[in-house]
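Asker: Below: one structure in structure tokens.
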Amino acid sequence: MEVVIQPSTAAAVELVARIIAREIHANPRAVLGLATGRTMESVYARLVSLQRNDGLDFSACRTFNLDEYVGLPGSDKHSYRHYMNVHFFNRVNIELGNTHLPDGAVSDLDAECDKYERLIEQNGGIDLQLLGIGHSGHIGFNEPLSAFESRTRVVALAPATIRQNAALFGDEDKVPRRAITMGVGTILDSRNCLLLATGKDKAEMIRQTIEGPRTNMISATALQLHKHCTIVLDKAAARSLTKIEYYNQAYESNAKWDWFRKLPAPVAHAKITA
Ligand code: F6R
């Protein structure tokens, strides 16, 4: 696990967007694992501007999202399919047919989960999995009790997650109670994991994820087992960590990050409106 703390939220977002861009430059047919949520909105905004201004080309990329609410068709404005179309897919040159999310509106959810696993496999597995972290410590929607070996399946959302997402639905009662999510095992199978957390409300879960014992009560702790996992934080999300000096020193002394340090300081990027 590598922990990279950036001085601002904008710099943390910039680093994550640039890591994704480099993956695509190196492998235009990359299979990306994608996440939704508020944290990711600025990452997608940055990727949109990298396409428009730097010619980043998504035309051969394939994508698999982590999760989708059960019961919401892709046309529902609260669905993650809708989120992805609005924030990312409709704004870049990706082929919609190459973008995948589980379908939470089908009648046979178990068959949908198996199909999703097979589709990931048929596409050669995930090269780079983007992750956020929830207040319950989830990655994807892998709530407490998720086995580290779990695969794509239907889960019940934790109360902390329902509260976290209530604002988007206008009311806690309107948040779906179940979702399809890639499993912890599915996520661990990806070749690289990239987790972004920003803001002080993530600090405690980040401390437990990085410095706490591995436990299926906090599925993000499973990332300690991953060979190529980078955790990018702003200062607020990092503030409860006890070994910050070490993480910073490891980052500063690692030439692998020179390309990022050489970039001009990130400009504050307001949401793109066009
Ligand atoms: C959503 C997902 C979740 C979110 C997490 C953080 O696809 O996988 O794990 O990444 O709940 O959400 P925000 O960014 O809204 O705090």
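Asker: What residue, among those in the range 76-111 that are surrounded by 15 or more Cβ atoms within 10 Å (Cβ to Cβ) and basic (K, R), is nearest to the chain's Cα centre (by Cα)?
Answerer: So, considering only residues that are surrounded by 15 or more Cβ atoms within 10 Å (Cβ to Cβ) and basic (K, R), the one nearest to the chain's Cα centre (by Cα) is R81.
Asker: R163 fails exactly one of the following numbered conditions: (1) buried (at least 16 other Cβ atoms within 10 Å of the Cβ); (2) within 18 Å of M205 (Cβ to Cβ); (3) touching a residue at least 24 places away in the same chain (Cβ under 8 Å). What is the number of that condition?
Answerer: R163 satisfies all of (1) buried (at least 16 other Cβ atoms within 10 Å of the Cβ); (2) within 18 Å of M205 (Cβ to Cβ); (3) touching a residue at least 24 places away in the same chain (Cβ under 8 Å) except (1).
Asker: Among (1) modelled with pLDDT of 95 or more; (2) within 15 Å of the ligand (Cβ to nearest atom); (3) within 30 Å of L72 (Cα to Cα), which single condition is N165 missing?
Answerer: Result: N165 fails condition (1) only.
Asker: Report, by residue number, each residue of the range 201-233 that is more than 12 Å from the ligand (Cβ to nearest atom) and farther than 16 Å from V3 by Cα.
Answerer: Answer for the range 201-233, where residues must be more than 12 Å from the ligand (Cβ to nearest atom) and farther than 16 Å from V3 by Cα: P213, R214, T215, N216, M217, I218.
Asker: Now for a separate question. If a residue counts only when it is surrounded by 23 or more Cβ atoms within 10 Å (Cβ to Cβ), which helices (runs of 4 or more DSSP H) contained entirely in the range 191-257 have at least 1 such residues?
Answerer: Correct list: 203-211, 235-238.
Asker: Inside the range 21-54, can you point out the residues that are closer than 15 Å to L194 by Cα, away from the ligand (no atom under 16 Å from the Cβ) and in a loop (DSSP other than H, G, I, E, B)?
Answerer: Listed by number, the list holds a single entry, A30.
Asker: Oh, and also: Keeping to the range 1-51, report how many residues are without any contact (Cβ under 8 Å) to a residue 40 or more places away in the chain and either more than 16 Å from the chain's Cα centre (by Cα) or closer than 27 Å to H135 by Cβ (or both).
Answerer: Matching residues across the range 1-51 total 8.
The values are calculated or read from the model by the stated rules, or taken from the named source; none is laboratory data. The shown structure was predicted, so the numbers you read here are calculated from the model rather than taken from an experiment. Counting neighbours? That spans all protein chains shown, and the Cβs are built from the backbone with ideal geometry, glycine included.
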